[in-house]
Amino acid sequence: MDIAIIGGGIGGLTAALTLHQLGISCTVYEAARELRPSGTGINLQPYCVRELYRLGLEDRIREIGISARGLAYYTRLGQHVLTERLGSEAGFDWPQFHMHRGAFHMMLADQVNRRLGPGALKLGHRCVGVEQDGNGVTVRLVDRETGKTAGPVSADVLIAADGVHSTVRAHFYPDEKPPHWNRVIMWRGVTGDTRMLDGRTMIVMGTFRQKFVAYQIRKPPAERAAGENDIMLNWLCELIVPEDVEFRPEDWNRAGSAEDFAQEFRDWVFPWIDVPDIVSRTAGIWEYPQVDRDPLPQWTFGTVALLGDAAHPLTPIGSNGASLAIVDARILGRELAANPSDPQAALKAYEADRRPAMEKVLGGNRAGGPEHFMPLVEARAPDGFDDIRDVLSEEELRIASNYRALTGLTTELVNGCRSLIPPEHFVN
Ligand SMILES: Cc1cc2nc3c(=O)[nH]c(=O)nc-3n(C[C@H](O)[C@H](O)[C@H](O)COP(=O)(O)OP(=O)(O)OC[C@H]3O[C@@H](n4cnc5c(N)ncnc54)[C@H](O)[C@@H]3O)c2cc1C
């Protein structure tokens, strides 16, 4: 079986490493001409860390990541609401990691090149069309350097991991509307030489109307200098934008400006964090409108499957977009290994496992994700409180953990499974 993967992002590269582990041949076609360690921070949840360790990446992950201890929620007045324990601290057998997204992405690309060989990840190859017949799939590609046709390429199976603006998704859903924007804009940055709390706790301060989120990450290994403090603070400021304000289409890498938001956070100065200072010292600012797409009725079409953001782009609220794409890749690999003679049935089994689960997560994110108790606190205690139990009921205090359960993040589910793919399928 030969598989073409469209998109060399986190989902596509994990799919390639998984297929290689299973002895299934594949090639990744990535539109970007060069992969750069761009981006800010990302979280990897324990259920995906387990799978990355199963791919033999534990040392690499530990080199770039910081094992998370907790997630602390504060009001816009800086008052502590509650702290959730995370990863190993919460009893999971695998940690949750905070890390530089670009460092993680580059590490995956490096592993694909090393394990599959240099020809397996083809940069500068943009998919512009897909055709299917009884014998498999034909992918039309354009070489980004020359602008000329590269291909066509034939494969038995096509995995579309080409992100929120997926060309392959658009092929099957030509009338789909643009991504849905919830009118929240995020400005993101990374500030060096800044330590916050114990260095392993993430914070969420405020609500969807105005929010500050931060956690510590390490510089990518390639950028570290000997003896230098490589710990940085990954942060994001969010504001909701009035109905009458127009916004440009979403793009993770768009440059932003402090002028558009910093003034709104000028009073967010507390003994343990100084938001204006952090924003003023940042190395750069990226701007992103929070978008998602409506759930699809179908993710697989004969021998073509959508994966990751191409299948289920989510508003980035639960810190799990990359982790869920990695799980997609592992489940898809598991089904192909279990049923190599009938890839169409394998893809259907993948969809049956993942699509209903992701529809629930999408609904959970649209309802406010793990944080949707925070607007209740702001509305009921706008000037602060003495005891959070006077403000929130026991059930409301469990909102965050109930959301985690929706994504499969309970110790029973995670620790009860040692690998999504039975190790007897591993060839490499
Ligand atoms: C720069 C960046 C920063 C992000 N930061 C966060 C974050 O902080 N928190 C969070 O939860 N999520 C974040 N995300 C989203 C998160 O990384 C994704 O939810 C997750 O990684 C899913 O990955 P994916 O591989 O499905 O899609 P992506 O990571 O978007 O990868 C898609 C890949 O496909 C390529 N591609 C697109 N079209 C074509 C085509 N026609 N032909 C060939 N290749 C194509 C793209 O260049 C890209 O490399 C970020 C995404 C990006 C791109």
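Every read-out reported here was derived from the displayed coordinates using simple, explicitly stated rules and does not represent laboratory data. Since the model is a prediction, treat every value here as computed from it, not as a measurement. Neighbour counts run over all protein chains shown; Cβ positions are idealised from the backbone, glycine included.
Among 187, 235, 272, which one shows the highest mean-square fluctuation when the chain is modelled as a Gaussian network with alpha-carbon springs under 10 Å?
272
Please enumerate, by chain and number, the lysines with C-alpha under 22 Å from the C-alpha of residue 122, excluding those fewer than 8 residues away in the same chain.
Cα-Cα hits under 22 Å: 148.
Near residue 276, within a Cβ-to-Cβ distance under 12 Å, what is the net charge of the other residues, with Lys and Arg +1 and Asp and Glu -1?
Spelling it out: positives minus negatives among the neighbours equals -2.
Summing Lys, Arg as +1 and Asp, Glu as -1, what charge do residues with Cβ under 12 Å from the Cβ of residue 193 carry, residue 193 excluded?
0
In which sequence would 244, 277 go, from the one with the fewest C-beta neighbours within 10 Å to the one with the most?
Lowest to highest Cβ neighbour count: 244, 277.
Would you please give the residues with an amide H less than 5 Å from that of residue 141, counting only those at least 5 places away or on a separate chain, with H modeled from the backbone geometry?
128, 150, 153
Check cross-link reach from residue 348 to the lysines: straight Cα distance under 21 Å, and skip same-chain residues fewer than eight apart.
Within the straight-line limit of under 21 Å, residue 348 reaches these lysines: 360.
Taking only Cα atoms, what is the 0 to 90° angle, nearest 10, from helix 343-366's long axis to the longest principal axis of the chain?
10
Would the range 70-120 count as rounded, prolate or oblate if I go by the C-alpha gyration tensor, calling it rounded below 1.5 in a/c and otherwise prolate when a/b exceeds b/c, oblate otherwise?
Note, shape of the range 70-120 comes out oblate.
For n ≥ 4 DSSP H runs only, could you compute -39500 (n - 2.57) per run for the chain, divide by its residues and tell me the 222 nm figure to the nearest 500?
-8500 deg cm²/dmol
If you line up the long axis of helix 101-116 against the longest principal axis of the chain, both from Cα atoms, how many degrees apart are they, to the nearest 10?
Relative to the chain, helix 101-116 is tipped by roughly 20 degrees.
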